[in-house]
Amino acid sequence: MIFSALKLLLPAIIPSWNFFDVIVPSPRIQIALLQSKKQTKPEWAEFRPRPRSLSVKQLFVHLFWNAQWNESLFLVSCAERLIDYPTQHSEEEIFTRIINDTVLKKHKPQYEYIKFRLVFVRREGEALIEEVRYQSKARQIENDR
Amino acid sequence: MDFELAIRITEIALGFALFQQSIEHLRTYLIERIIFLPRAVLAVLLIVGVATSWVIVALLVLSIVILYRFDGPYNGGADRMGLLVLVCLVLVHFLPTLYWKELAFGYLAVQLTLSYFISGYVKVINPQWRNGHALSDVFLFSAYPVSESLRCFSRSKRLLLIMSWLVIMFELMFPFMLLTQATLVVALVIAAAFHLSNAVLFGLNRFFLVWLAAYPSIIWFQERIFVTI
């Protein structure tokens with residue numbers, strides 16, 4: 001218990017501070033809603049696509065209240081963790097938040113299952129390359145409501 | 001800046017930073033409300049200055065609980081800086097002599113300096129940062145730009161090259177700005193503007209507030225070290 005607390009605390013007490021040292025491939029979470037578990041060729045859509053633009057007022061408000069964006073950045077961390085050292089925790093965090101956002105708030109009762117995949121974007125020369133590096137199993141939505 | 005005053009301003013600034021972070025968690029999940037509502041209340045107590053020693057201990061314990069809850073930091077560097085400030089404040093309040101208290105608070109100032117210098121060092125040794133491609137990539141495909149329209153900055157190669165070098169030079173020069181109080185104040189204003197621009201462009205609002213909370217330590221440290229000498 002003390003050891004694991006120290007393990008979590010140490011990076012804060014002796015930080016590395018190497019922000020943005022290397023620009024690594026960046027994850028995007030894509031989700032697919034399914035009517036049955038065996039549905040083939042699901043339609044993938046980006047989870048929380050960023051807006052086209054933001055007004056000055058929105059930018060100002062986000063200095064003090066940016067809850068959804070910070071949650072999205074946390075999900076980026078979970079996506080990176082899921083690739084670097086997979087844990088059930090990271091997958092659960094992603095599932096919980098996409099189900100809450102996509103299904104419960106938008107009332108889509110016709111869908112029984114949901115799954116997500118992680119697409120990593122990187123630059124090669126002048127081209128942007130997208131690579132699917134993780135795909136979850138389909139999860140029954142009802143279980144999480 | 002007087003030691004006691006620097007400590008008190010740090011507590012107030014950290015209180016605001018932790019309060020802002022905490023209220024963002026009150027909107028959705030019950031488990032997060034259970035953790036972050038007490039944290040918001042403790043942050044207010046820290047701002048007001050009620051039972052401060054025990055409030056910061058409670059905040060530190062809650063921060064460890066939060067690390068467990070999210071299997072690490074929720075918001076990367078911002079959470080880590082918040083924890084570092086908290087740990088240093090706990091030491092300041094509970095260490096027995098002024099010498100050790102000053103050492104603990106000085107450690108925060110040193111880490112703040114390193115936060116800029118090391119960030120600059122890791123960039124300057126990377127050719128992708130030196131030729132401006134790294135910053136271009138941040139705008140082009142990273143998860144950080146807050147809107148799609150910001151991605152068009154990735155095409156402004158010359159501007160990004162200049163910005164990359166300005167950031168690198170500023171971060172590397174930061175330790176030297178401690179030589180006089182005037183240069184330190186200028187450096188902190190530039191640094192705050194840098195964090196503000198990161199908050200606006202990349203939505204890193206938590207970094208802005210929590211880094212400001214560490215500034216009193218370096219203002220006190222500069223006076224303590226360089227003026228005394």
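The values are calculated or read from the model by the stated rules, or taken from the named source; none is laboratory data. Everything numeric here is computed off the predicted structure, so don't read it as measured data. Because the Cβ atoms are built from the backbone with ideal geometry, glycine has one as well, and the counts that use them run over all protein chains shown.
General remarks:
- The residues listed here are B:Arg27, B:Arg33, B:Arg8, B:Arg39; of these, the one that is at pLDDT below 95 and assigned to a helix (DSSP H, G or I) is B:Arg33.
- Here is the figure for the stretch B:74-90: residues that are at the interface with chain A (Cβ under 7 Å from one of its Cβ atoms) and hydrophobic (A, V, I, L, M, F, W, C) total 3.
- Candidate set: the stretch B:79-104, residues that are β-branched (Val, Ile, Thr) and touching a residue at least 40 places away in the same chain (Cβ under 8 Å); chosen: the one nearest to B:Tyr29 (Cα to Cα): B:Val85
- Among the residues of this structure, A:Ser90 counts as one that is out of contact with any Phe, Trp or Tyr (no Cβ under 8 Å at 6 or more places or on another chain), within 30 Å of A:Leu128 (Cα to Cα) and buried (at least 19 other Cβ atoms within 10 Å of the Cβ).
- Complete set of residues in the stretch B:86-128 that are buried (at least 16 other Cβ atoms within 10 Å of the Cβ) and not in a helix (DSSP H, G or I): B:Asn126
- One residue stands out in the stretch B:52-78 among those that are in contact (Cβ under 8 Å) with a residue 60 or more places away in the chain and part of a helix (DSSP H, G or I): the one that is farthest from B:Leu42 (Cα to Cα), namely B:Gly77.
- Per-region count, the stretch B:186-212, residues in contact with a helix residue (DSSP H, G or I) (Cβ under 8 Å, 6 or more places away or on another chain) and more than 10 Å from chain A (Cβ to nearest Cβ): 11
- Filtered residue count, the stretch B:202-229, keeping only those that are β-branched (Val, Ile, Thr) and surrounded by 23 or more Cβ atoms within 10 Å (Cβ to Cβ): 2
- Number of the condition not met by B:Phe176 [criteria: (1) of a type in the set (Phe, Trp, Tyr); (2) under 25 Å from B:Met81 (Cα atoms); (3) free of Cβ contacts under 8 Å to residues at least 24 places away in the same chain; (4) in contact with a Lys or Arg (Cβ under 8 Å, 6 or more places away or on another chain)]: (4)
- Look at the stretch B:126-139: where a residue is among the aromatic types (Phe, Trp, Tyr) and a partner is at pLDDT below 95 and surrounded by fewer than 19 Cβ atoms within 10 Å (Cβ to Cβ), sitting 6+ places away or on another chain with Cβ atoms under 7 Å, you get B:Phe139/B:Leu150; B:Phe139/B:Arg151; B:Phe139/B:Phe153.
- Scanning the stretch B:129-165 for residues that are of a type in the set (Ser, Thr, Tyr), assigned to a helix (DSSP H, G or I) and within 7 Å of another protein chain (Cβ to nearest Cβ) yields a count of 1.
- Conditions (1) facing chain B (nearest Cβ under 9 Å); (2) more than 27 Å from B:Ser22 (Cβ to Cβ); (3) hydrophobic (A, V, I, L, M, F, W, C); (4) touching a residue at least 40 places away in the same chain (Cβ under 8 Å); number of the one not met by A:Ile23: (4)
- B:Lys101 being of a type outside the set (Val, Ile, Thr) and more than 13 Å from chain A (Cβ to nearest Cβ): yes
Condition check ((1) in a helix (DSSP H, G or I); (2) within 7 Å of chain B (Cβ to nearest Cβ); (3) modelled with pLDDT of 85 or more; (4) exposed (fewer than 12 other Cβ atoms within 10 Å of the Cβ)) across all residues:
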| residue | (1), (2), (3), (4) |
| --- | --- |
| A:Ala5 | yes, yes, no, no |
| A:Lys37 | no, no, no, no |
| A:Pro49 | no, no, yes, yes |
| A:Leu54 | no, yes, yes, no |
| A:Trp69 | yes, yes, yes, no |
| A:Leu73 | yes, yes, yes, no |
| A:Arg81 | yes, no, yes, no |
